[in-house]
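Scroll down for the structure; my scribbles are underneath it.
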Amino acid sequence: MKLLKLFIALSLSINLGIMMPLSANAAPKVVEQVAAIVNNNVILESDVNDMLKTIKASADPKNLPNDKVLRQQIIERLIIENLILQKAAKAKIKVSDNEVTNAISRIAAENGMTIDQLRSRLSTMGISYSSYRERIHNDMLIEETRMHEIRPRIKVSNREIENLAKNIARQPTNNIDVKISHILISIPEKASKQQIDNATNQAQDIINRAKKGESFAKLATSYSNDDFALKGGNMGWRKLNELPTIFEERLVRAEKGNIIGPIRSGVGLHILKVDDTRSEAPKTIKIQEVDARHILIKTNVLVTDKTAKQKLTDIRKSIINGTIAFEAAAKINSEDTGSAGKGGNLGWNRPEVYDNNFRNALTHLKKGEISQPIKSSYGWHLIQLIDTRQVDGTNTMNKDQAYRLIFNRKFSEEYQVWLQEIKGDAYIKITGEGKHE
């Protein structure tokens, strides 16, 4: 069922595998056992048990380890969630109720449901709507925090974009997508030789077992130290160019079913399984450009919105009546110093370069038509659409794609380093049934 799959995807997200307790609205328990202490916060056994039930109800049993191992993975995941939420609180990052409501509305719509129907479906799954909202809120808050913390650490140079865009254009049939599963055996930042040897031996043992036919998903759930462990290591479809360079080099000639590794990085040893591959055929991309001109009147203490709008209304009437040409009116009245001298002409551009309100008005105009006064973040405008054209946008699209791929690659690399840093700086104590022996 599509909703069930979507719910699981949200609860065990690709990024973090977040799961909030399903018993948020249940009757309070007399005694709440602590599963782990994370700085000044605690993770309760009830949280772990709720997540354990959900995973076991939704996953293929043959891909799951025993309960003890699964509980340890769940506790590790909840520790990461807790640390990131603590970062969010410290940085005063917020997600509003309206943002959560809008997100849930989109989820319901994507599943062909209303909010009320979604509520009903959740109820049949034994999940309260308030718990579901809290879960979505935390997913969004964690994603906001990840971007807030990691984006400033990422630099993408023009040279990197140019080089990758040229490579995409030069070898489009090699623009390969891979569907991969992943296991990370983490190694501490200042690991001893014994720790490195132990991790290497463990990684090699996992590889041998996988090559002999043991379920890779079960091995990932049992041993992986990354965010995909509770999804059986499944990273889904990725473009080669967005994966860490050390992965790309080993995957470029890989075939379906290959087990690759161990690959050493700054955070540990990686094992990859190629679940599938595909490549894109060459294609030409057409994009629309618009040639437009405008007259801008800015507002200030003396020029109110009403005054600016009325002035442009009068100018529009004069242009339509033939009293003055648009170009002449722009030279006399426009406060856009970059275009006024050119009769308000903005030249050929993609509509996306303009302010939202300006763009929306422009895209609804017919050739030669003049808009009513439109307010943007710059002031008030009269806009005339001169012409439109379709141009080859392959190079532009390749550059856009190159930036996204490079950013995603660097984000993935930095995220793992950042997680290692925040875990290293935290006081973490695992107690009870989840304690490693």
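Largest accessible area first, the residues T284, T221 order themselves as T284, T221 under a 1.4 Å probe with ligands, DNA and RNA left out.
Our coupling estimate for segment 399-406, obtained by passing each phi through the Karplus curve with A = 6.51, B = -1.76, C = 1.60 and θ = phi - 60°, is 5, 4, 5, 4, 4, 4, 5, 5 Hz, Gly and Pro reported as x.
Computed from phi, the 3J(HN,Hα) profile of segment 316-328 under the Karplus parametrisation 6.51, -1.76, 1.60 (θ = phi - 60°) reads 4, 4, 5, 5, 5, 6, x, 5, 8, 7, 4, 4, 5 Hz, with x in place of Gly and Pro. Scaled against 2.2 N^0.38 Å for its residue count N, the alpha carbon radius of gyration of segment 270-394 is 1.46. Heavy atoms of the protein chains alone define the surface here; on that basis the chain has 53 Å² accessible area per residue at 1.4 Å probe size. Helix 97-110 and the long axis of the chain differ in direction by around 80°, with both axes built from C-alpha atoms. Scan segment 46-131 for trypsin sites (Lys or Arg not before Pro) in coil per DSSP, keeping those whose Cβ has at most 14 other Cβ atoms within 10 Å, and list them by number. Here the sparse-neighbourhood loop sites are K92, K94. Per-residue 3J(HN,Hα) values for segment 266-271, derived from phi via the Karplus relation 6.51 cos²θ - 1.76 cosθ + 1.60 with θ = phi - 60°, read x, 10, x, 10, 10, 10 Hz in sequence order (x marks Gly and Pro). Taking the longest Cα principal axis of the chain as reference, the axis of helix 115-124 is set at about 10 degrees.
Can you work out the base-10 log of I(q)/I(0) for the chain at q = 0.07 1/Å, using the Debye formula on its C-alpha atoms alone? So the normalised log intensities work out to -0.51.
When the alpha carbon coordinates of segment 41-103 are projected onto the principal axes, the ranges are 41, 28, 18 Å, largest first.
Take the alpha carbon atoms of segment 198-292, find their radius of gyration, then divide it by 2.2 N^0.38 Å using N residues; give the quotient.
Dividing the Cα Rg of segment 198-292 by 2.2 N^0.38 Å gives 1.40.
Near L296, once Lys and Arg are set to +1 and Asp and Glu to -1 for all other residues with Cβ below 14 Å from its Cβ, the sum equals +4. Distant-in-sequence amide contacts of V267, defined by a placed amide H-H separation under 5 Å and a gap of 5 or more residues or a different chain, comprise nothing.
Largest mean-square fluctuation among N198, N398, N258, in a Gaussian network model of the chain whose springs join Cα atoms under 10 Å apart, belongs to N198. Highest mean packing comes first when the peptides 152-161, 405-414 are listed by Cβ atoms within 10 Å, giving 405-414, 152-161. Taken as Cα centroids, segment 123-155 and segment 312-344 sit 49 Å apart, rounded to the nearest whole angstrom.
Of the residues V34, V95, the one with the largest accessible area comes first in the ranking V34, V95, computed with a 1.4 Å probe on protein heavy atoms. Using only Cα atoms, tell me the angle between helix 67-91 and the longest principal axis of the chain; keep it within 0 to 90° and round to the nearest 10. Between the helix axis and the principal axis of the chain, the angle is about 40 degrees.
Computed over every Cα-Cα pair of segment 342-383 and binned at 10 Å starting from 0, the pair-distance distribution P(r) comes out as 27, 65, 8 percent. Across L362, L419, L52, mean-square fluctuation computed from a Gaussian network of the chain (C-alpha pairs under 10 Å connected) peaks at L362.
The values are calculated or read from the model by the stated rules, or taken from the named source; none is laboratory data. Source: prediction; values computed, not measured. Note that we place each Cβ from the backbone using ideal geometry, even for glycine, and neighbour counts take in every protein chain shown. These accessible areas exclude ligands, DNA and RNA; they are computed on the full protein's heavy atoms, side chains included. Shrake-Rupley method; radii C 1.70, N 1.55, O 1.52, S 1.80 Å.
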